[in-house]
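Data block below; observations after.
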Amino acid sequence: MIKLHDLIFKPFVSSQQLDEIIGRMASEIAADLKDEVPVFIGILNGSFMLVSDFVKKYPHPCEVTFIKLASYEGLKSTEDIQRLIGLTQDLTGRTVVILEDIIDTGSTLHEVHRIFKNENVKQLKIATLFFKPEAYNKDFKLHYVGLEIPDKFIVGYGLDYNGLGRDLPEVYQLKTTQYMTNLVLFGPPGAGKGTQAEFLKDKYNLVHISTGDVFRFNIKNETALGMLAKSYMDRGELVPDQLTIDMLNAEVEKNQDAKGFIFDGFPRTNEQAKALDALMESKDSQINAMIALEVDDEVLVKRLLDRGKTSGRADDADENIIRNRITEYYTKTAVLKDFYSEQNKYFGVDGVGSIEEITQRLSKVINELK
Ligand code: AMP
């Protein structure tokens, strides 16, 4: 991850990948142009690294020159293109290949075509290292495309963000979710995760996802997912990973604009923890902390039996099922303490005390993360 001015960027295309892509473009163009001696024209500033590497890989004689156009201001490609250095040689009858670092809206290309309208070149080919199909709104043909990329801002390898980043030998992409806070609230059944999550979600403006609650909602509404989960839950066993992971992914997807999540009751296995990391990664984000409420087993059993008198939850009513859930926690779930400890993300908090006291202990951990 790198920071340029106020923004964070993540690695996107490595120098090795760039090398391969540019090698491929050079061979493709050479194969098409055969005996021609082309004039490669780089569009400054962005293309300087590309042109330098490209012509080193081009297997036949060629000429190289540059024109200088300016289009980017900050993060947006502006429609207003300025020509700062134009053509300085006669290109009549020549084969010209434009080398662009990136084509997004296509405004630069519009200006390029305007420049070449009266030049009487033999042929004009357009080659670009990166192309953003979703942003492109012109009809000009692109003859050679190195890599199609999503419509996200990139820097490095000649491309800049307000002046910085051109010197980087690889390409980085803007992180779309810059500062999400994602917490895993951890602890055995009855530790008070649900109660605390209710307070924390308001205090920190986070979305609370309790997999247990989602399963219960599905059971109540007799959905296919609910039917599948019910038999496991009734016995106090874990619902199979894939089912749980798919459901969790869907819940996260429903909350595209979230500032962060409190995961309550998830992950419960290593598989789930890995799936959660992958999901966070796909959102350009990460789990910031696992906060575990530590409560003695006998206190848990008592709390759950008490809760069972009013919650209506079958898995809270029977001491054997309660003990089975606690055992499931220690055999399958407690291993996750190591998973997050290894990443220095594990924080244990004493879960015995008044609700307010525990909220304060949790808040202290969260505030120190920020
Ligand atoms: P909870 O409300 O978190 O105590 O969860 C109640 C029950 O839902 C558990 O005993 C499991 O059967 C099921 N469940 C909830 N979350 C998960 C999960 N992450 N993985 C597997 N099963 C789960």
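Could you give the length gained on full extension between N367 and N270, defined as 0.36 nm per residue of separation minus the Cα-Cα distance, in nm? Working shown, then result.
Details: separation 97, 0.36 × 97 = 34.92 nm, distance 2.71 nm.
Full-extension gain reported as 32.2 nm.
How much FRET efficiency would the formula 1/(1 + (r/R0)^6) give for H60 and S282, where r is the Cβ-Cβ distance and R0 is 35 Å, rounded to 0.05?
Details: r = 43 Å, r/R0 = 1.22.
The computed FRET efficiency comes out at 0.25.
Using a 1.4 angstrom probe on the protein heavy atoms only, line up S363, S27 by accessible area, largest first.
Numbers: S363 5, S27 70 Å².
Accessible-area ranking of S363, S27, largest first: S27, S363.
Return one quarter of the surface area of the convex hull spanned by the alpha-carbon atoms of the range 2-174, equal to its mean projected area, in nm². Each step should come with its number before you reach the end.
Details: hull surface 36.9 nm².
Its average projected convex-hull area is 9.2 nm².
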Next on the checklist: How large is the Rg to Rh ratio of the range 307-357 when both quantities use alpha carbon positions and Rh follows Kirkwood?
Outcome noted: 1.09
Next on the checklist: Give me the percent relative contact order of the chain, please, defined on Cα pairs under 8 angstrom at least 6 residues apart.
Outcome noted: 15 percent
Checklist outcome for this item: Both in Å, the radius of gyration and Dmax of the C-alpha trace of the range 331-370 are 12.1, 32
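Got a number for carbon plus sulfur as a percent of the chain's accessible area, 1.4 Å probe? Numbers along the way, then the final one.
Numbers: 8990 of 17990 Å².
Result for the chain: 50 percent of the exposed heavy-atom area is carbon or sulfur.
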Item to check | Distribution of pairwise C-alpha distances over the range 116-244, 10 Å bins, in % | outcome: 9, 21, 18, 15, 18, 12, 5, 2, 0
Checklist entry - Quick one: how many Å² of I154 are accessible to a 1.4 Å probe, rounded to 10? => result 10 Å²
Checklist outcome for this item: Judged on accessible area alone, 1.4 Å probe, highest first, H113, H5 line up as H5, H113
Next on the checklist: If you average 1/r across every pair of different Cα atoms in the range 259-370 and take the reciprocal, what Kirkwood value do you get, in Å?
Outcome noted: 15.7 Å
Checklist entry - Roughly speaking, what is the centre-to-centre gap between the range 293-359 and the range 224-271 when only Cα atoms are used, to the nearest Å? => result 17 Å
Item to check | When each of K68/K138; K230/K274; K141/K283 is checked by Cα-Cα distance, pairs over 28 Å | outcome: K141/K283
Checklist entry - Given labels modelled 7 Å from the Cα in the Cβ direction, how far is it in nm from E119 to L228? => result 5.8 nm
Next on the checklist: Can you give me the accessible area per residue for the range 195-328, using a 1.4 Å probe, in Å²?
Outcome noted: 49 Å²
Checklist entry - Could you sort E357, E111, E170 by accessible area so the largest value comes first, with the probe set to 1.4 Å? => result E357, E170, E111
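Students often check this: by mean Cβ neighbours within 10 Å, which of 193-202, 343-352 ranks highest, and how do the rest follow?
On the way: 193-202: 18.4, 343-352: 15.7.
Sorting 193-202, 343-352 by mean packing, highest first, produces 193-202, 343-352.
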Checklist entry - Equivalent-ellipsoid semi-axes (√(5λ), Cα gyration tensor) for the range 190-298, whole Å, largest first? => result 21, 18, 14
Item to check | Estimated 222 nm signal from helices in the chain, with DSSP H stretches of n ≥ 4 weighted -39500 (n - 2.57), rounded to 500 | outcome: -12500 deg cm²/dmol
Next on the checklist: Using all alpha carbons of the chain, what is the percent of pairwise distances in each 20 Å bin, ordered from the shortest bin to the longest?
Outcome noted: 25, 37, 25, 13, 1
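Normalise the Cα radius of gyration of the range 183-369 by 2.2 N^0.38 Å (N = residues in it) and let me know the number. Mind dumping the intermediate values first?
Values: Rg = 15.7 Å, N = 187, 2.2 N^0.38 = 16.1 Å.
Relative to the rule-of-thumb radius for its length, the range 183-369 sits at 0.98.
Are there DSSP H segments in the chain that both extend 15 Å or more along their axis (alpha-carbon positions) and score a mean Kyte-Doolittle hydropathy of at least -1.0? List them, or say none. Can you show the working numbers first?
On the way: long enough: 15-33 (27 Å, 0.05); 193-204 (16 Å, -1.35); 224-235 (18 Å, 0.05); 241-253 (18 Å, -0.13); 270-282 (18 Å, -0.56); 297-311 (20 Å, -0.63); 355-369 (21 Å, -0.14).
Flagged H segments are 15-33, 224-235, 241-253, 270-282, 297-311, 355-369.
The values are calculated or read from the model by the stated rules, or taken from the named source; none is laboratory data. Here the structure is a predicted model, which means the values were calculated and not measured. No Cβ is skipped: glycine too gets one built from the backbone with ideal geometry, and neighbour counts run over all protein chains shown. For the accessible areas, the whole protein counts, side chains as well, though only heavy atoms, and no ligand, DNA or RNA atoms are used. Shrake-Rupley method; radii C 1.70, N 1.55, O 1.52, S 1.80 Å.
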